[in-house]
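**Q** The following block contains the structure, expressed as structure tokens.
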Amino acid sequence: MSTSTTGITLQTRRPAVNEAFELLSSMRFAIALLMMIAISAVIGTIMQQNQPMSNYINQFGPFWFDVFDKLGLYAVYSAWWFLLMMAFLVTSTSLCIVRNAPKMMKDMRSWRDNVREQSLRNFHHKTEWTAPLGRAALAQQTATRLAHAGYQTKIVEKDGGTLVAAKRGAANKFGYIFAHSAIVVICVGGLLDSDMPIRVQEWVLGKEPFKGSGVIAEIPAKHRLGLGNPTFRGNVMIPEGQASDTAVIPRADGVLIQQLPFTIQLKQFHIEFYSTGAPKLFASDVIVRDHETGKTFPATIEVNKPLIHKGLAVYQSSFEDGGSKLKLTGFPMTGPGSSKFAMDGEVGQSTKLDDAYTVEWSDFRPFNVENLASQDPRDVKKGESLDSAFARGLSDQLGSAAKNANSKDLKNVGPSVQYRLRDQTGQAREYQNYMQPVMVEGNSVFLSGVRATPAEPFSYLRIPADDEYSVRDWMRLRAALHDPVLRQQAAQAYARRAMPQSTQAEAMESQLALSALKSLEIFGGNKDAAGFVAVSRFLEKVPAAEQEKAADIFMKILNGTLWELWQVARAKDGLAPAKADEAHARFLQLATNALSDSFFYGAPVYLQLDEYTQVKASVFQVTRSPGKAVVYVGCTLLVLGVFAMFYIRERRLWVWVRDEAGGAHALMAMSTQRKTMDFDNEFADLKEKLPQTA
């Protein structure tokens with residue numbers, strides 16, 4: 001029996017209804033739906049699902065964000081069109097089963113004994129022989145030998161002869177039934193584990209996602225789901241020493257709070273790392289208290305080793321900072337002020353900086369393993385801009401392990417803190433500062449990353465470490481650069497040092513002092529430009545033929561004046577002048593580069609991490625999956641179906657026995673759905689054995 005791709009035809013007088021139902025119940029429609037669902041699944045796999053909408057706006061831009069949002073691509077598996085395709089697939093496949101399964105079961109039981117001798121002669125695989133036995137005896141002997149070969153047999157008396165009908169591998173038909181039933185069962189199981197029950201509660205019971213912020217215990221009931229919710233998948237973040245009895249279910253426009261039948265308390269979080277800094281193992285020691293019985297019991301939740309209780313599975317999903325306590329020192333990054341100030345912070349909270357800015361503490365990492373080999377990710381090559389170098393070298397987020405397969409020098413560069421500086425208009429820039437100086441090209445520098453959006457890589461300001469391995473000397477120089485009095489003193493000091501002491505040199509010294517002061521003013525810049533950008537714009541006004549010479553003279557004056565400015569700033573704070581040696585000359589060069597780049601820093605302060613008390617938090621995924629067992633049954637049916645279709649071959653065999661002078665004559669014919677070498681070999685074996693005398 002061959003399976004038809006056509007559908008069920010209704011006996012109605014409405015052709016449109018007949019055609020629609022035939023198409024819905026046809027195999028070609030089911031195959032087309034499978035292809036469309038497969039394409040949708042590819043989209044859902046490539047595009048991250050159920051992320052905050054701001055992430056998609058940053059990634060695709062406003063125009064394509066709206067297009068993809070209307071298509072429902074941010075939640076493909078719960079989009080109305082995807083669920084509609086699934087519903088049509090289940091309906092179409094069920095109708096295919098209803099249409100073909102009874103025919104197949106009937107065909108499996110059938111012996112197909114309505115054949116005649118002449119029709120058997122038309123088969124490709126056939127043979128004939130005679131035997132000195134009676135017709136009945138030869139028919140019985142043939143049936144016995146076929147039974148020994150694994151065939152089911154039946155002897156049917158016909159006009160003018162006896163037919164021996166045999167069959168083997170009829171269970172091949174179960175392959176079609178099991179495979180198609182598996183599609184229906186898996187789809188039903190997936191529907192049971194989908195967010196449709198939550199959507200029904202939103203439509204019928206008036207549940208709404210919570211869009212604000214605050215304490216979970218104070219969130220109104222209309223944003224909460226009860227213990228009777230049949231299926232959900234939510235997240236729970238628990239800092240060490242704290243507990244939670246709710247899970248957060250993310251929605252496209254907010255979150256829903258799912259009540260749990262037990263409370264999870266995190267005693268301790270364990271984590272081990274590879275040498276690259278990637279997590280090797282993380283697990284949570286918890287205490288679970290059942291709300292119904294009041295009993296408590298300890299448990300350890302590891303990756304791929306969930307806790308199962310009350311029909312809920314608690315998986316170890318990830319880990320985060322649980323509210324580490326931070327102590328920092330702030331340094332002004334604008335104006336002539338240099339007074340540092342203390343600041344405390346807590347990850348996950350915010351601290352008011354002044355009337356214009358608020359610091360939102362987003363993350364803390366106790367250590368960061370980075371590649372400090374010759375191909376350092378922070379290496380800025382000659383002739384390459386700072387921004388492009390960092391975009392090239394640090395495409396991964398700061399703090400992640402160096403992923404270069406050729407890494408040769410992986411080192412822990414110490415703790416880092418990440419925060420957002422938000423102004424009164426709601427605009428924010430994100431910063432990430434290392435606590436300790438890092439060796440880059442043989443120089444000890446403090447790295448401070450900045451980016452405008454989470455989709456961008458960090459660009460780094462490299463502040464050179466002074467003799468005390470701090471940023472104070474650079475901060476002192478930065479403040480002096482914006483102090484008119486100190487700039488005047490530095491310009492005069494440079495002119496005195498550069499010009500010989502003589503009466504004729506006084507006028508030249510005064511002129512040189514003015515040039516030195518002008519170089520500092522240009523380099524210090526204004527709201528439009530500063531640093532080397534401002535210098536470049538100034539030199540553009542010089543005739544092209546003289547620009548190279550003018551640039552050389554300008555930079556010599558600027559470097560010399562900055563040295564004097566550094567000494568003046570140190571003297572103001574009661575410090576001895578820096579020794580004129582190669583190390584301090586290198587410091588000044590790096591400091592000059594950092595002063596130029598600080599114009600793009602975009603923050604009024606630089607926050608240096610001094611002390612911290614780490615608090616770890618574990619992130620669990622809590623799920624109720626009633627469809628999991630159903631999906632397992634569907635997968636089992638699919639495996640059995642595929643096995644039956646590909647490894648069980650149906651064979652049919654007929655032997656027509658008729659009387660002949662001196663004995664009986666036998667005509668054997670054999671057929672199968674798939675003609676293979678194994679079938680040819682089996683036919684040859686039966687062709688040899690069946691005619692043999694007893």
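**Q** For the pair Ile216 and Glu292, what calculated FRET efficiency results from E = 1/(1 + (r/R0)^6), where r is the Cβ-Cβ distance and R0 = 22 Å, to the nearest 0.05?
**A** Working from the Cβ atoms, E equals 0.55.
**Q** Counting Lys and Arg as +1 and Asp and Glu as -1, each charge on the Cβ, what is the dipole of segment 634-680 about the Cα centre in debye, to the nearest 20?
**A** 200
**Q** When every alpha-carbon pair in segment 210-321 is counted, what percent end up more than 16 Å apart?
**A** When every Cα pair of segment 210-321 is considered, 63 percent fall beyond 16 Å.
**Q** A follow-up question, please. Suppose every Lys and Arg Cβ carries +1 and every Asp and Glu Cβ carries -1, with no other charges. What dipole size does segment 1-144 come out with about its Cα centre, to the nearest 20 debye?
**A** My answer is approximately 720 debye.
**Q** Let me ask you something else. Could you tell me the relative contact order of the chain? Use alpha-carbon pairs under 8 Å, at least six residues apart, and round to a whole percent.
**A** So the answer I get is 20 percent.
**Q** A further question on this structure: Between Val533 and Lys549, what is the label-to-label distance in nm when each label sits 7 Å out along the Cα-to-Cβ direction?
**A** 3.1
**Q** Here is a further query. Determine by what factor the alpha-carbon radius of gyration of segment 420-513 differs from 2.2 N^0.38 Å, reporting the quotient.
**A** 1.63
**Q** When Lys and Arg each count +1 and Asp and Glu each count -1, what net charge do the other residues less than 14 Å away from Gly560, Cβ to Cβ, add up to?
**A** Net of charged neighbours comes to +2.
**Q** Based on the alpha-carbon set only, what is the convex hull volume of segment 609-694 divided per residue, in Å³?
**A** Expressed per residue, the convex hull around the Cα atoms of segment 609-694 is 254 Å³.
**Q** With 10 Å bins from zero, work out the P(r) of the chain over every alpha carbon pair and list the percent per bin.
**A** Going out from 0 Å in 10 Å bins, the chain shows 2, 10, 15, 15, 13, 11, 10, 8, 6, 4, 3, 2, 1, 0, 0, 0 percent.
**Q** Given contacts defined as C-alpha pairs under 8 Å and at least six residues apart, what's the relative contact order of segment 451-574, whole-number percent?
**A** Dividing the mean separation by the residue count of segment 451-574 yields 30 percent.
**Q** With each pseudo-label sitting 7 Å past Cα toward Cβ, what's the Ala583-Trp203 distance in nm, one decimal?
**A** 7.4
**Q** Tilt of helix 80-109 relative to the longest C-alpha principal axis of the chain, in degrees (0 to 90, nearest 10)?
**A** Tilt of helix 80-109: around 20 degrees.
**Q** Compute the acute angle (0 to 90°) between the alpha-carbon long axis of helix 582-597 and the principal axis of greatest extent of the alpha-carbon atoms of the chain; round to the nearest 10°.
**A** 70
**Q** Based on Cβ point charges of +1 for Lys and Arg and -1 for Asp and Glu, what charge dipole magnitude is obtained for the chain about its Cα centre, in debye rounded to the nearest 20?
**A** 3140
**Q** Among 520-527, 299-306, what's the highest-first ranking by average C-beta atoms within 10 angstrom per residue?
**A** Put in order of decreasing packing, that is 520-527, 299-306.
**Q** Another question, if that's okay. At 7 Å along Cα-to-Cβ for each site, give me the label-to-label distance between Met47 and Ala101 in nm.
**A** Placing both labels 7 Å beyond Cα along the Cβ direction yields 3.6 nm.
**Q** Along the charge dipole of segment 143-251, Cβ charges K/R +1 and D/E -1, which of Val215, Leu192, Ala182 sits furthest on the positive end?
**A** Ala182
**Q** So what's the back-of-envelope 222 nm ellipticity for the chain, counting only DSSP H runs of four-plus at -39500 (n - 2.57) apiece and dividing by all residues, rounded to 500?
**A** -12500 deg cm²/dmol
**Q** Want the number for Thr91 to Phe367: 0.36 nm per residue separation, take away the alpha-carbon distance, what's left?
**A** 93.8 nm
**Q** Among Ala283, Phe683, Trp111, flag the residue with its Cα farthest along the positive direction of the charge dipole of the chain, charges on Cβ as +1 for Lys/Arg and -1 for Asp/Glu.
**A** Sorting the options by dipole projection puts first Trp111.
**Q** Right, something else. Per the Kirkwood treatment, what hydrodynamic radius in Å, one decimal, follows for segment 476-600 from the mean inverse distance over all distinct Cα pairs?
**A** 15.0
**Q** Separation of segment 25-65 and segment 624-660 by C-alpha centroid, Å?
**A** About 33 Å separates the Cα centre of segment 25-65 from the one of segment 624-660.
**Q** Please give the contour-minus-distance gain from Gln59 to Ser510: 0.36 nm per residue of separation, less the Cα-Cα distance, rounded to one decimal in nm.
**A** 156.7 nm
**Q** Dipole of the chain (Lys/Arg Cβ +1, Asp/Glu Cβ -1, origin at the Cα centre): which of Ala147, Phe599, Gln49 lies farthest to the positive side?
**A** Ala147
**Q** Still on this structure, I have one more. Please state, as a whole number in µm²/s, the translational diffusion coefficient that the Stokes-Einstein equation yields for segment 121-173 at 20 °C and 1.002 mPa s, with Rh defined as the Kirkwood radius across alpha carbon pairs.
**A** 171
**Q** Quick one: net charge around Thr613, please, counting Lys, Arg +1 and Asp, Glu -1 for every other residue with C-beta under 13 Å from its C-beta.
**A** -3
**Q** Which of the lysines could a cross-linker span from Lys340 if the Cα-Cα distance has to be under 28 Å and same-chain partners fewer than 8 positions apart are dropped?
**A** Lys325, Lys327, Lys352, Lys527, Lys572, Lys579
**Q** Could you name the lysines in cross-link range of Lys103, using Cα to Cα under 30 Å and dropping any fewer than eight places away on the same chain?
**A** Within the straight-line cut-off, Lys103 pairs with Lys126, Lys154, Lys158, Lys167, Lys173, Lys675.
**Q** While we're looking at this one, here's another question. Could you state the angle between the C-alpha long axis of helix 472-481 and the longest principal axis of the C-alpha atoms of the chain, as a value from 0 to 90 degrees rounded to the nearest 10?
**A** Orientation of helix 472-481: about 60 degrees from the principal axis.
**Q** Let me ask something else. Can you list the aspartates and glutamates whose alpha carbon is less than 17 Å from that of Lys616, not counting same-chain residues fewer than 8 positions off?
**A** Glu240, Glu272, Asp285, Glu302, Glu320, Asp321, Glu346, Asp363
Every read-out reported here was derived from the displayed coordinates using simple, explicitly stated rules and does not represent laboratory data. Predicted, not measured: the structure shown is a model, and the values here were computed from it. A quick note on method: Cβ atoms are made from the backbone with ideal geometry, for glycine too, and the neighbour counts reach across all protein chains shown.
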